[in-house]
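The values are calculated or read from the model by the stated rules, or taken from the named source; none is laboratory data. All values reported here derive from a predicted model rather than from experimental measurement. Backbone-built Cβ (ideal geometry, glycine too); neighbour counts: all protein chains shown. Just the protein is used for accessible areas: all its heavy atoms, side chains included, with ligands, DNA and RNA removed. Shrake-Rupley method; radii C 1.70, N 1.55, O 1.52, S 1.80 Å.
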There are 2 protein chains.
Amino acid sequence: MSSIGDTPARGDRTKVVVVGGGFGGVRVAKALAHADVDVTLVDRTNHHLFQPLLYQVATGILSPGLIAPALRRVVKKQSNTRTLLAEVFDIDLQAKVVHALAPNEQRLDLPYDYLVVAGGATHAYFGHDEWSHFAPGMKSIEDARMLRSQILGAYELAEVATDEKERDAYLTFVVVGAGPTGVELTGQLAELARYVLPKEYRTIDTRSARIILLDAAPSVLPPFAPKLQQYTQHRLEKMGVEIRLNTLATDMDADSITVKGPEGVDTITARTKIWAAGVQASPLAAMLAKATGTETDRAGRLAVDPDCSLPGAEGVYAIGDMVSTVDRLPGVAQVAMQQGTYVGRLIANRAKGDDTTPAPFHYFDKGSMATIGARQAVADVRGVKFTGYLAYLLWCYVHVMFLIGWGNRLGTLFNWVRSLRYARHRGHRLISMTGAQAVARHHEAA
Amino acid sequence: MSSIGDTPARGDRTKVVVVGGGFGGVRVAKALAHADVDVTLVDRTNHHLFQPLLYQVATGILSPGLIAPALRRVVKKQSNTRTLLAEVFDIDLQAKVVHALAPNEQRLDLPYDYLVVAGGATHAYFGHDEWSHFAPGMKSIEDARMLRSQILGAYELAEVATDEKERDAYLTFVVVGAGPTGVELTGQLAELARYVLPKEYRTIDTRSARIILLDAAPSVLPPFAPKLQQYTQHRLEKMGVEIRLNTLATDMDADSITVKGPEGVDTITARTKIWAAGVQASPLAAMLAKATGTETDRAGRLAVDPDCSLPGAEGVYAIGDMVSTVDRLPGVAQVAMQQGTYVGRLIANRAKGDDTTPAPFHYFDKGSMATIGARQAVADVRGVKFTGYLAYLLWCYVHVMFLIGWGNRLGTLFNWVRSLRYARHRGHRLISMTGAQAVARHHEAA
């Protein structure tokens, strides 16, 4: 067992380990930039992912690199912070050591004085884990690349299909879950079918593709205001999207999905199903709950105190999508970022010897927004509601500004201009060989 | 058996099948844009790859999408051309049918009047195919992505290594083959180690990385003029690259490579080996040779007549890296492109009923060039030799102009400016989970 926490330069200073380099984890590290502590930021990927734009990678607008800068570059200028590419597999709360594995299966033992766990969330299939093969979700860059291969691959296979039923199955896309991710992805699926792809195919008419969006809730964008919900539904329907509300997925296989709604049970023949319905907390939440003798909630989230500390574990904090607080905060980037800054500052104070009880974490809701295809969006900024092009420009501004680095901001803007003006161009449309084979396996699994 | 060559719109017109959407194949299709023929362009990937810039994907400068536009978009405006994503597995020269498999293993039978095979080349390990596991080459986007994961992953693993020998093994990079690809890749490896990565690591000094370039020839860039060879060698050595000439790889495993040179046999401990040494023709060359009762040359290339037609097969042409001609042309993009245009025009004339014997294909050598790290290059333009920054600007201009689409040109320029001026930024540095696992497997294979 080697402890790489004890390299010479890292002697007696307070050790802070941050698990997860997402919105929460990076904010913790940033808040500790000038603190007299040694920060170790561990993530199982080498990048900081801007998840809200993943759907644009899945639909060919953006290249993965623009929304996933190298994590160690993000904290490059903080000399007190080191970045490790490793997956945490155990946390010893008594000995105060985080155990992780590097990609070469080398074991890393990271002692801490303060630990912040920001592991995020993953897809939840509500007890139907086998659906993950048929209806992939979108949480990582690799998820988005696979989805891109599957979506664009479906058109390729439709083009060579000799059987009409098979062709229709390839040209039917079902998105399960009409939250912001589901709505944004559906809008782009419609853009691809209606405007981007038609002139490239000779056998099929891509405009005939069926795009179905379903949700168990009675409206799209459940947490948004009714006015914005109606606007969104109207716009999507105008783009040819079939919306099925109060509708649940009850079964699926490689070829079809069975849904139950107000009009009864219906089996839709569709090759491509995309899961945007449920999330569950990172397994790290259950690990910490077990270690402290508590239980997670239905979504696998860990209960934390109002200061984001973990009851029953000294110096341990948990933030973001993997925790639940008494005020039931939504699982969005803003919450994780604000919690990250809060906990980072709290630890910085503690490291200075300030042991006063901090004011509890308070979430400042800046608003929520979602795009609907190109040039349309809805936004709710502290009660003020925007729709249409103005909301879209607001969405563009906010999302570009939250990207890390001017290069990525300019590169993203450039791709957006290209996707809007220049013949609705989608510049990043690679189908990987692995992806094309996955479409094939998908077929064989039928 | 379904023949998708017989869809209604494609009745009695002359059928041209083009196998391969690389430099050669796309030029054939373009030359037939206004001909009264039906063109079917088959490729096993969905993109047209600009191979000369692959090394910039492998080293994080460019995103894959910029050098790999969707093939069906490239020929979108040619209504007589359809694109199929499928792999050719057989060609029936008697029945004049190309047999291919779509990603879902559906069999496609493509009848032709004229066939152009432009399958390109792949890596050759000179009878040591097992080396492909230890020293991957770079011919596809997936190759480049894997190399990027391996190169950047090696630094990640060096950072957590506890054993000094292991750390040195991760920080040693050996490039086998000092042609343009080997030289350009080596230059960028040096840039990464010396300028891009140093401030991001806390344990290792990336500037101590050993970068070795070896070649069996007595000089780098063997086909270039001695003056340019010397300049290149001098520049690389100034960047800290060890150059070993008259040196052959004789053995390798996951941990090391054994080389034999003027100073005897030496085993270098190095995790990362990159193969830029030999190429061999696509297996389609051997398939066609067998079918016509001829033999391929040592590099697996098919002999064609001066008009690029295949002796003994009616209406069949072969072009690019997979063929050999009497005038021993180099395996470069320019040759494939010029042959493509030549054959495309020839077929267009034939389809019009012009059966005169064409003038043999004549290669117009526009020159050759290679970059050496950032802001340095060598170029030989019809005997006029350039070195340094001027050659670099010339290289930039030529390579940007050969990219397809203004969006890709601007996007590439943008990334170049970013990589030069803005803190030598490498914007596309994703290590995929598959890639990180590959680094791990690479380790286990030891």
Suppose every K and R has +1 on its Cβ and every D and E has -1 on its Cβ; what is the size of the dipole of chain A about the Cα centre, in Debye to the nearest 20? 1880
Any number yet on Rg/Rh for region B:25-86, C-alpha, Kirkwood? 1.06
Mean-square fluctuation check for chain B, GNM, Cα pairs under 10 Å: which of B:T14, B:T232, B:T292 is largest? B:T292
Determine the dipole magnitude for the protein assembly as shown: charges of +1 sit on the beta-carbon of Lys and Arg, -1 on that of Asp and Glu, nothing else is charged, the reference point is the Cα centre, and the result goes in debye to the nearest 20. 3540
As a check on your grasp of the helix formula, calculate [θ] at 222 nm for the protein assembly as shown: sum -39500 (n - 2.57) over DSSP H runs of n ≥ 4, divide by the residue count, round to the nearest 500. -9500 deg cm²/dmol
From the C-alpha coordinates alone, can you work out the Kirkwood hydrodynamic radius of region B:231-272, in Å? 11.4
So, in nm and shortest first, the distances from A:S132 to its counterparts in the other copies, with label points 7 Å along Cα→Cβ, work out as 3.1
For chain A, set up a GNM with springs between Cα atoms under 10 Å and report which of A:S256, A:S432, A:S219 has the largest fluctuation. A:S432
Taking a 1.4 Å probe, which of B:Y389, B:Y363, A:Y397 shows the most accessible area, and what order do the others take after it? A:Y397, B:Y389, B:Y363
When all Cα-Cα pair distances of chain A are considered, the percent exceeding 27 Å is 55
Within 10 Å of each Cβ in A:69-76, how many Cβ atoms from other chains are there, averaged over the peptide? 6
Starting from the Kirkwood Rh over alpha-carbon pairs, what translational D in µm² s⁻¹ does region A:47-182 have by Stokes-Einstein at 25 °C and 0.890 mPa s? 134
How high is the relative contact order of region A:206-301, in percent, with contacts defined as C-alpha pairs under 8 Å that are six or more residues apart? 19
At 7 Å along the Cα-to-beta-carbon direction for both B:A33 and B:K352, put a label point, then send me their distance in nm to one decimal. 1.7
Quick one: with all protein chains in place, what share of the accessible area of the protein assembly as shown is carbon or sulfur, to the nearest percent (1.4 Å probe)? 52
Roughly how big is the B-A contact, given as buried accessible area in Å² (both sides, 1.4 Å probe, nearest 100)? 5800
Packing-ranked peptide list from B:331-341, B:147-157, A:22-32, highest mean Cβ count within 10 angstrom first, is A:22-32, B:147-157, B:331-341
Using square roots of five times the C-alpha gyration tensor eigenvalues, list the equivalent-ellipsoid semi-axes of region B:257-401 in whole Å, biggest first. 35, 25, 12
Taking a probe of 1.4 Å and leaving out DNA, RNA and ligands, region B:310-441 shows per residue an accessible area in Å² of 46
Take region B:327-374, drop everything but the C-alpha atoms, weight them equally and run the Debye formula without solvent; then report log10 I(q)/I(0) at 0.15 Å⁻¹ to two decimals. -0.52
Once amide H atoms are placed 1.01 Å from N in the peptide plane, what residues at a sequence separation of 5 or more from A:L101, or on another chain, have their amide H within under 5 Å of its amide H? A:E87, A:V88, A:F89, A:L108
Please report the Cα spread of region A:133-210 along all three principal axes, rounded to whole Å, starting with the longest. 34, 26, 19
Which whole-number value in Å³ per residue fits the convex hull of the alpha carbons of region B:235-329? 163
Bins of 5 Å, beginning at zero and ending with the bin holding the largest distance: percent of Cα pairs per bin for region A:9-57, please. 5, 19, 24, 19, 14, 9, 4, 3, 1, 0
Sorted shortest first, the nm distances from the A:F402 label point (7 Å along Cα→Cβ) to its counterparts in the other copies are 4.2
Using the 7 Å Cα-to-Cβ label point, sort the distances from B:T294 to its equivalents in the other copies shortest first and give them in nm to one decimal. 7.6
Using protein chains only (no ligands, no nucleic acids) and a 1.4 Å probe, work out which residues of region B:87-136 have their accessible area cut by at least 20 Å² relative to the chain alone. B:P103, B:N104, B:E105, B:Q106
Across the residues of B:401-413, average count of Cβ atoms on other protein chains within 10 Å? 2
Grab the Cα-Cα distance for B:K238 and B:K260, subtract it from 0.36 nm times how many residues apart they are, and report the gain in nm with one decimal. 5.5 nm
Site B:R13, offset 7 angstrom along Cα→Cβ, radius 20 Å on amide nitrogen, limited to region B:64-95, gives B:71-85
Whole-Hz couplings from phi, Karplus 6.51/-1.76/1.60, listed for region B:213-219; x for Gly and Pro: 10, 10, 8, 6, 6, x, 8
Residue by residue, what Karplus-based ³J(HN,Hα) values in Hz, rounded to whole numbers, does region A:340-356 have, using 6.51, -1.76 and 1.60 with θ = phi - 60° and x for Gly and Pro? x, 4, 4, 5, x, 5, 4, 5, 4, 5, 4, 5, 7, x, 7, 9, 5
Along the positive direction of the dipole of region B:270-312 (beta-carbon charges: Lys, Arg +1; Asp, Glu -1; about the Cα centre), which of B:P311, B:T272, B:P283 reaches farthest? B:T272
Give me the residues in region B:151-173 whose solvent-accessible area, probe 1.4 Å, is reduced by at least 20 Å² once all protein chains are included instead of the chain isolated. B:E156, B:L157, B:E159, B:V160, B:T162
Per the charge dipole of the protein assembly as shown (beta-carbon charges, Lys/Arg positive, Asp/Glu negative, Cα centre), the residue among B:T247, A:S149, A:T356 reaching farthest to the positive end is A:T356
Of all DSSP beta bridges with both partners in the protein assembly as shown, the antiparallel percent, nearest 5, is 50
What whole-number value in Å² describes the accessible area per residue of region B:1-147 for a 1.4 Å probe? 34
Report D for the protein assembly as shown in µm² per second (integer): Stokes-Einstein, Kirkwood Rh on Cα pairs, 20 °C, 1.002 mPa s. 74
Stretch gain in nm, segment A:L248-A:D129, where the contour uses 0.36 nm per residue and the Cα spacing is subtracted: 41.3 nm
Only Lys, Arg (+1) and Asp, Glu (-1) charged, at Cβ; region B:138-284 dipole about Cα centre in debye: 500
For chain B, set up a GNM with springs between Cα atoms under 10 Å and report which of B:E242, B:E105, B:E314 has the largest fluctuation. B:E105
Once the Cβ-Cβ distance between A:F364 and A:D305 is put in as r, and R0 is 22 Å, what FRET efficiency do you end up with, to the nearest 0.05? 0.70
Chain A Cβ-axis minimum, rotational copy B, residue and distance in Å: A:S63, 2
